[in-house]
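The values are calculated or read from the model by the stated rules, or taken from the named source; none is laboratory data. For clarity, every value in this text was computed on a predicted model and none was experimentally measured. So basically every Cβ, Gly included, is an ideal-geometry build from the backbone, and we count neighbours across all protein chains shown.
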Amino acid sequence: MTRLSSGTHHRLGSVWDGRGTNFALFSANAERVELCLFDSQGRREIERVVLPEKTEDVWHGYLNDVSPGQLYGYRVHGPYEPESGHRFNPNKLLLDPYARRLANRLVWSDAHFAYRTGSARQDLSFDRRDNARGMPKAVVVDENFNWGRREMRPNISWSDTIIYEAHVKGLTQKHPGVPSALRGTYQGLASPAIIDHLKQLGVTTIELLPIHGYIDDRHLVEKGLSNYWGYNSLAFFAPEAKYGADKTLDAFRSTVARLHDAGFEVLLDVVYNHTAEGNHLGPTLSFRGIDNLSYYWLMPDNPRYYDDFTGTGNSLNLTHPRVLQMVMDSLRYWVEICHVDGFRFDLAPTLARGPNGFDRNGAFFAAIRQDPVLASVKLVAEPWDVGLGGYQVGAFPSQWSEWNDRYRATLRRYWSGEGNLIGDISGRMTGSSDLFNHDGRNPQASVNHVTVHDGFTLADLFSYNEKHNEANGEDNRDGSNDNLSNNCGHEGPTDDPAIRALRRQLRKNQLACLLLAQGVPLMLAGDEVGNSQNGNNNAYCQDNETGWIGWENLGNEDDLTGFVGEMTALRNRFPQIKSRQWINGRKADGSYGVLWLTPKAEEMQEADWNFPEGRFLSYVLGPQTKGEQPLYIILNAAPEPIPCMMPKLPEYKEWSRVLDTTQAQLSSLVLSSGAAMEVPPRSVLAFAGIA
């Protein structure tokens, strides 16, 4: 039997069938493809095999003696003509875009560039050095895995979803309850201490910052930093090896299974908009050397340069069928092989760009819409990129939910003390219908958030007026200057008890609003325990005490874990908060979804919405079905108490207090309909109606 045969082009990547391994690589413009096999350490290239067949632009071959554990890479021959968009250089070992596992880290050197660094001709020059020794290698894997009979996907409805955004290492590295051997790993995510904490919070879904295989940029490594967050992907099928042991794929799948067993969904933050290869002066590590002209958006009038919608130097071109196929294959892989429950798409408009910009009817959305594997998973867009027309909040198809930065900005401004916002606040607290009420979408299209991985943490939002990113090595130029924050009178940490109490109060107010607002709440891991990044609002490169969650407040007065748990229970108690229908005001028959009330408990008129410097908003969310209770919500961002009256609705005689963010422990209070009360300054209150 011949050792090498033509194999098949139908499934890309390396596929072990139990006897041998099929290798298949797409390249429309290559002239020859060599498969390079390495020793078990990845240090020595032991054989090169020319893939014998090309079918529909896929180069393929089958080796009957290659089994799981084999390390490999590719060398791709073709023209090196940057001005025509071609950057082939067979001196460079390239990573398989379909690699399921990575071995070895990238060791930076000038050999990773297809041109001679320092040459006056820049990328028009040609480099003949072999870079294989310092390159990560793909590994042939056995995808079989015993999920066991117990593993059940939670299948949590969008209306019940509460998302907790976390970094694999950042969440677990300093948690005192996670065994030291598991800190910073996939397994640490499913440790009893983390699962217990998630249950205390009442969240349903953990959203992980990127875990696709990524590399650390050279300029960061030279500063002693790294691409800690992981938004520098190179391997869209391989779990990042930093967070697992030898069997990284199995470690990740075991973690998913344990989280599912505990009732939690797992979403992945995915970065299909660009790769780690940078601009025209970047390294040649994979896609660029395999088929630059096919994989990337190039400038139409000068294909030497990249059309960059992402701010990273390049943008993947999903209008090419094979690039779109890679993304779709990757998504299905994580769902079918790893059982993840959904995805958050970084800079999502880039994926839907065509020749004329963002296209909500484009090929990417059409492919997602018709795919039976992806029909049942959660899809969340970061609905902006940095290209022309890149801000697309509210423009995604009905199958999608979107990060709502309008909620973030409005709630930040409101609790930082800005007036004249009650009209905007009313919309943000009721699902942002101005953005999402079209094409059959419902309030769950809005993913509400105040803080996420980029920007201030919640504690820092009320501790710093200015960013403090000096540790990033860019002279504090990086990161947003528009933080809409309020340091409460002192920049940074303080022992002043009044300032500390105010900061704690404002944290509670933001968390209360997040969990009272219609739509899908998303909270940043660590906000519940007052985690600080010392004013760094762009900790993407801080794989250290700055970027890891500090758990030192567990059990003290700044620990709001219990408060968040009470808020999630309150959210579950009142179905109208989780409504899948857009709410209306008073109807002709007297029924209502929401009643907006003045402090005197009268229904608001136009003049009331325009009250000068208004910071008080109160409203009743009506019951959805007979027998349910209405919920009266009061927001007061004013620095002074506001007298008000309880709602005067004939069907409800009394109102029982269910929330007061000024109280450490909620005490019982029942007020009669129309009774007078005083709303404390900077507070959120809620009352349940009693018939």
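Here are the numbers for the structure shown:
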item: Residues satisfying the stated conditions in region 16-34, i.e. farther than 15 Å from Gly78 by Cα and in contact (Cβ under 8 Å) with a residue 12 or more places away in the chain; result: Trp16, Arg19, Gly20, Thr21, Asn22, Phe23, Ala24
item: Test for Ala607: is it without any contact (Cβ under 8 Å) to a residue 12 or more places away in the chain, under 25 Å from Ser416 (Cα atoms) and either of a type in the set (Gly, Ala, Ser) or surrounded by 13 or more Cβ atoms within 10 Å (Cβ to Cβ) (or both); result: yes
item: Any chance Tyr115 is of a type in the set (Ser, Thr, Tyr), in a strand (DSSP E or B) and surrounded by 21 or more Cβ atoms within 10 Å (Cβ to Cβ); result: no
item: Residue count for region 637-670, restricted to those that are outside any loop (DSSP other than H, G, I, E, B) and in contact with a helix residue (DSSP H, G or I) (Cβ under 8 Å, 6 or more places away or on another chain); result: 2
item: Subset of region 570-591 [over 29 Å from the mean Cα position of the chain (by Cα) and either of a type in the set (Lys, Arg) or crowded, with 19+ Cβ neighbours inside 10 Å (or both)]; result: Arg586, Lys587
item: Long-range neighbours under 8 Å by Cβ, at least six apart or interchain, first residue free of Cβ contacts under 8 Å to residues at least 60 places away in the same chain within region 425-443, second part of a loop (DSSP other than H, G, I, E, B) and polar (S, T, N, Q); result: Phe436/Asn442; Asp439/Ser398; Gly440/Ser398; Arg441/Ser398
item: Yes/no for Cys541 being more than 16 Å from Met567 (Cα to Cα) and either touching a Pro at 6+ places or on another chain (Cβ under 6 Å) or crowded, with 24+ Cβ neighbours inside 10 Å (or both); result: yes
item: Of all residues in region 466-498 being hydrophobic (A, V, I, L, M, F, W, C) and at negative phi, the one that is farthest from the chain's Cα centre (by Cα); result: Ala498
item: Hits in region 33-69 (condition: in contact with a Phe, Trp or Tyr (Cβ under 8 Å, 6 or more places away or on another chain) and either among the charged types (D, E, K, R) or under 20 Å from Leu106 (Cβ atoms) (or both)); result: Glu34, Cys36, Leu37, Phe38, Arg44, Glu45, Glu53, Asp57
item: Selected residue [among the acidic types (Asp, Glu) and modelled with pLDDT under 95] from Glu602, Glu678, Glu651, Glu640; result: Glu651
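Condition check ((1) on the phi < 0 side of the Ramachandran plot; (2) exposed (fewer than 15 other Cβ atoms within 10 Å of the Cβ); (3) in a helix (DSSP H, G or I)) across all residues:
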residue	(1), (2), (3)
Asp142	yes, yes, no
Gly148	no, yes, no
Arg153	yes, no, no
Ile156	yes, no, no
Leu171	yes, no, yes
Lys174	yes, no, no
